[in-house]
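The values are calculated or read from the model by the stated rules, or taken from the named source; none is laboratory data. No experiment lies behind these values; they were computed from the predicted model shown. Using ideal geometry, Cβ is built from the backbone for each residue, glycine included, and neighbour counts are taken over all protein chains shown. With ligands, DNA and RNA removed, areas are computed over all heavy atoms of the protein, side chains included. Shrake-Rupley method; radii C 1.70, N 1.55, O 1.52, S 1.80 Å.
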Amino acid sequence: MLEKVARITMLYDFYGQLLTDRQRDFVEFYYGQNLSLGEIAGEFNVTRQSVHDTLKRAEQLLAHYEEKLGLVSRYQAEREKLVAAAGLLDECSSTVKDDRVQRVKEILCEFLETGD
């Protein structure tokens, strides 16, 4: 379940603005604030089934957008390459005494920290 939550959250970060206001609200409450279907239903004065259906539709749309655009996959692949590059620079900095190598590593690490 945690994997699904992480996946939906990542998809939402990239494609959430393409959802309707209601879909965004429900996704934020359910996945972001961990509210139950019943709590969301009470907040919006709708049935639990309506919340469930809206969430399922939103999840399907997010998956569809990723299938077509691939932004999350591309982001994750690029991030993995940056992590690998930082590791290689770390190895180099122990043998090469050049401040520029260390500075490049610091920049990469700063970028990776702000990319989360």
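If you go through region 1-27 and keep only what is over 19 Å from L69 (Cβ atoms) and modelled with pLDDT of 95 or more, you end up with D21, R22, D25, F26.
Whether any residue in region 21-29 is more than 19 Å from the chain's Cα centre (by Cα), basic (K, R) and surrounded by 13 or more Cβ atoms within 10 Å (Cβ to Cβ) is what I want to check. Yes, region 21-29 contains a residue that is more than 19 Å from the chain's Cα centre (by Cα), basic (K, R) and surrounded by 13 or more Cβ atoms within 10 Å (Cβ to Cβ).
S94 - would you say it is without any contact (Cβ under 8 Å) to a residue 24 or more places away in the chain, of a type outside the set (D, E, K, R), part of a helix (DSSP H, G or I) and closer than 24 Å to Q17 by Cα? Taking the combined requirement at face value, the residue does not satisfy it. Consider region 56-95 and keep the residues that are charged (D, E, K, R) and open to solvent by less than 60 Å² (accessible area, probe 1.4 Å). The one that is farthest from M10 (Cα to Cα) is R79.
Total residues in region 36-55 satisfying the condition of being exposed (fewer than 15 other Cβ atoms within 10 Å of the Cβ) and in contact (Cβ under 8 Å) with a residue 24 or more places away in the chain: the figure is 0.
Could you run through region 5-60 and say how many residues are in a loop (DSSP other than H, G, I, E, B), among the β-branched types (V, I, T) and closer than 24 Å to V72 by Cβ? Qualifying residue count for the region: 1.
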